[in-house]
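Here the structure comes first, spelled out in structure tokens, and everything after it is commentary.
The values are calculated or read from the model by the stated rules, or taken from the named source; none is laboratory data. Given the structure is predicted, the values throughout are model-derived calculations rather than measurements. No Cβ is skipped: glycine too gets one built from the backbone with ideal geometry, and neighbour counts run over all protein chains shown. Side chains are part of the model used for accessible areas, which takes the heavy atoms of the whole protein and leaves out ligands, DNA and RNA. Shrake-Rupley method; radii C 1.70, N 1.55, O 1.52, S 1.80 Å.
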Amino acid sequence: MDKNLIQRTVSGLVYVAIIILCSTPLGAQFINSVFPGLIQQQYLYHGLMSLLLIVGTWECVKVMKFGNGYEKWVVYPLVIFIFYIFSKRYFHHDFFFDFRLSEILALALIGIAVVTLFKYPNELYYDSGKLIFTVIYVALPFSFALGLPKFSSYNESFSLEVLFLFILIWSSDTFAYLVGKFFGKHKMAPKISPKKTWEGYAGGVVLTLVLSYFIEHYQPELRANWMVVGFLVAAFAPLGDLVESQLKRNFGVKDSGNIIPGHGGVLDRLDSFIICVPVVYLYFILEKFI
């Protein structure tokens, strides 16, 4: 058997296992079965997001080839500070439903960063532009991700929104790839991602909607309507891949890193997650007022 296939399979299974253990009550249950009362699930989840944040920032700095100016050293404290601000709110509230101007501005900045990447890439050749983009592209999505699940320290409950978000992203990527492979004819963005087709995109949307129907039907305790979440994920997950592909293309890089053997780096694996999280977060806020 191909050694690369074995490596990809093993590392992929480890990656999925870590996501499941850190985004569901299973992680705390497993650890506490060995060391009773050691940890609550929200701390495992926060630890995972913290790790992804730091590694993702390091990869972005490497991909964008920061110079030796102050920007290279300021980016880490700034990313950590923003994550800390969100963390304080996360650990004091189940979810922030209010329309805070700072959050709406942060969500808008992610959209502006994406537009800048595609339309005004020359702005990112300056270290100041690299600093701003890294903070927006990495710090804000992982910070918003802290607000997606609900938890209660009182009864040690932890909801499964993040797990099912990952499942929908994986399904969207898989269905889009399979439909595109067998039926794809019309390229979506040939210069950025040659293998993506509009047929694959449509297939990903339809089949992810089918899966989200079952999630909505069998997981009624989840926040919001998961048919809507499924549509948003299927619609925006390919954009996440295109954003990361464009970023690497602009700076002549093949992979963001190699922390996941055979799969690349954190930004390679979580490109769709980075874009989908702010979109779903915004939907959760809007759904509260509808």
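A few remarks follow.
- Candidates Tyr137, Tyr120, filtered to the one that is crowded, with 20+ Cβ neighbours inside 10 Å and at pLDDT 90 or above: Tyr137
- Those residues of the stretch 67-82 which are under 17 Å from Phe251 (Cβ atoms) and in a helix (DSSP H, G or I), in sequence order: Glu71, Lys72, Val75
- Candidates Phe151, Phe66 - the one that is buried (at least 17 other Cβ atoms within 10 Å of the Cβ) and over 21 Å from Ile274 (Cβ atoms): Phe151
- Residues satisfying the stated conditions in the stretch 31-63, i.e. open to solvent by 70 Å² or more (accessible area, probe 1.4 Å) and either at positive phi or in contact with a Ser or Thr (Cβ under 9 Å, 6 or more places away or on another chain) (or both): Gly37, Lys62
- Listed conditions (1) in a helix (DSSP H, G or I); (2) open to solvent by less than 30 Å² (accessible area, probe 1.4 Å); (3) touching a residue at least 24 places away in the same chain (Cβ under 8 Å) are all met by Phe175, apart from (2).
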